[in-house]
1. List every residue pair whose Cβ atoms sit under 6 Å apart, with the two residues 6 or more apart in sequence or on different chains, where the first one lies in segment 67-89 and is in contact (Cβ under 8 Å) with a residue 24 or more places away in the chain and under 11 Å from I112 (Cβ atoms) and the second, anywhere, is assigned to a loop (DSSP other than H, G, I, E, B) and of a type in the set (G, A, S).
2. Please give the strands (runs of 3 or more DSSP E) falling wholly within segment 1-106 in which 3 or more residues are modelled with pLDDT of 90 or more.
3. Are any residues in segment 74-91 touching a strand residue (DSSP E or B) at 6+ places or on another chain (Cβ under 9 Å) and at negative phi, and if so, which ones?
Amino acid sequence: MKKNIIIIIALIFVLQIAAFSQYYGLYDNNISQKTMSFIKSAYPNTQVFKLKSSKEGGYKVTLSNGAKIDFSYYEEWVNVDGKYNGVPENIIPRNILSTIKNTYPQSIVVKI
């Protein structure tokens, strides 16, 4: 009976490692200059809180204000989630931003 319990615990442990091995942690000094300049221009008063790299070569950056940015392998941003604070207007394409401002003047974009 003890042997079965140990095997089950070991199996659960191995499955958890496999589930979380999709991403591995990085430090902000591993961020390229292009990516870091985008982060500093979009969110000048924040710092990188967490940085994870995916198997596909992109990264997921979490900032100190809770915003999350996904970058592709080519270091282009893919998704920006402002987490209720809103996405900076300087990264939203002008035609989309003007349409939103004209149609919904009181709203903010929280995810793009």
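The values are calculated or read from the model by the stated rules, or taken from the named source; none is laboratory data. On a predicted model such as this, the values are computed, not experimentally measured, just so you know. Cβ: placed from backbone, ideal geometry, glycine included. Neighbour counts: every protein chain shown.
1. G82/A67
2. Numbers: elements: 48-53, 59-63, 68-71, 77-81.
Passing ranges, in order: 59-63, 68-71, 77-81.
3. Taking segment 74-91 as the starting set, the residues that turn out to be touching a strand residue (DSSP E or B) at 6+ places or on another chain (Cβ under 9 Å) are 75, 77-83, 87-88, 91.
Once the filter is applied, which keeps residues that are touching a strand residue (DSSP E or B) at 6+ places or on another chain (Cβ under 9 Å) and at negative phi, segment 74-91 yields W77, V78, N79, V80, D81, G82, V87, P88, I91.
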